[in-house]
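Read the structure below first, then the notes.
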Amino acid sequence: MPTSTNEPRRTMLLTGASRGIGHATVKRFSAAGWRVITCSRHAFPENCPWEMGPEDHIQVDLADPQNTLEAIAEIRSRLEHGRLDALVNNAGISPKGTDGARLGTIETAIVDWQKVFQVNFFAPVMLARGLIAELEAAKGSVVNVTSIAGSRVHPFAGAAYATSKAALMGLTREMASDFGPRGVRVNAISPGEIDTSILSPGTEKIVAQIPMRRLGTPEEVAKAIYFLCTDQSSYVNGAEIHINGGQHV
């Protein structure tokens, strides 16, 4: 339910908001009355579903450290009362080879390793550190979006993507320890096979091995993110929630 008029409107910053899980997360938080500030390397698309979207969208290339620092300064200037209730690090990239082929450790160019880690690993910690005062003021939450590919070799996810997500879970634990004394909780969600536009051909073979025998939906992931950003999870810190229908068991 939306927040009451007597309470300050809560604010979330979401990276990777242009599709899939990002879209569903915007809808979930907007429906609950949150102000959503979105970050994407794309300009604000006209078909996005949230009110005040263009005014609360920041175009940033998270692969560029300097541009990321500039975006942090812009975000801070837009925050009302110097408070940020939630930071959701959802942006992620996974380069592919010819015809969408998986890139392993041998085939992935070093420049691609560096770009993937900048977006998937370094940008989340840069954003959290750059906005730590605002998160602390709100006793807010950070949610890092990892992946089932971070804990096993995946048939489609490339080596750089998978290792960056494994590193992001390790970062989540470290941040939970460092940010916790400041009243800021840091957790992660680890989606499995989610029904988005980036699914690879052959996913149906994986679905046949999932205990629930179906793909997850972006909305199911968004619900878990929302849970971690509210008082319902007030003593959850340093956790990784698996959203994969039992695929990891």
- What is the Rg over Rh value, at two decimals, for the stretch 59-164, using alpha-carbon atoms and the Kirkwood definition of Rh? 1.05
- Taking placed amide H atoms and a strict 5 Å upper bound, the residues 5 or more places from I93 or on another chain that come that close are N120
- Item | Correct option for Cα extents along the principal axes in Å [calculated from the coordinates] among (1) 47, 46, 32; (2) 51, 40, 40; (3) 46, 44, 39 | (2)
- Query: Within the stretch 147-164, whose backbone N sits under 15 Å from a point 7 Å along Cα→Cβ of E107?
  - Reply: 154-162
- Which of the residue pairs K139/K165; K115/K139; K96/K205 have a Cα-Cα distance greater than 28 Å in the structure shown? K115/K139
- Share of Cα-Cα pairs in the stretch 120-222 beyond 15 Å, whole percent, is 66 percent
- Could you list the trypsin sites (Lys or Arg not before Pro) in the stretch 185-249 that lie in coil according to DSSP, counting only those with at most 14 other Cβ atoms within 10 Å of their Cβ? R213, R214
- Distance from the stretch 204-224 to the stretch 84-136 (C-alpha centre basis), Å: 23 Å
- Task: Find how much the distance from E80 to Q232 grows on full extension, using 0.36 nm per residue of separation minus their present alpha carbon separation; answer in nm with one decimal.
- Result: 52.3 nm
- Note on the structure: Given a Förster distance of 22 Å, the FRET efficiency implied by the Cβ-Cβ spacing of H248 and E204, rounded to the nearest 0.05, works out to 0.70
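Read-outs throughout are calculated quantities, based only on the coordinates presented, and are distinct from any laboratory measurement. What you see is a predicted model, and the numbers here were worked out from it, not measured in a lab. Note that we place each Cβ from the backbone using ideal geometry, even for glycine, and neighbour counts take in every protein chain shown.
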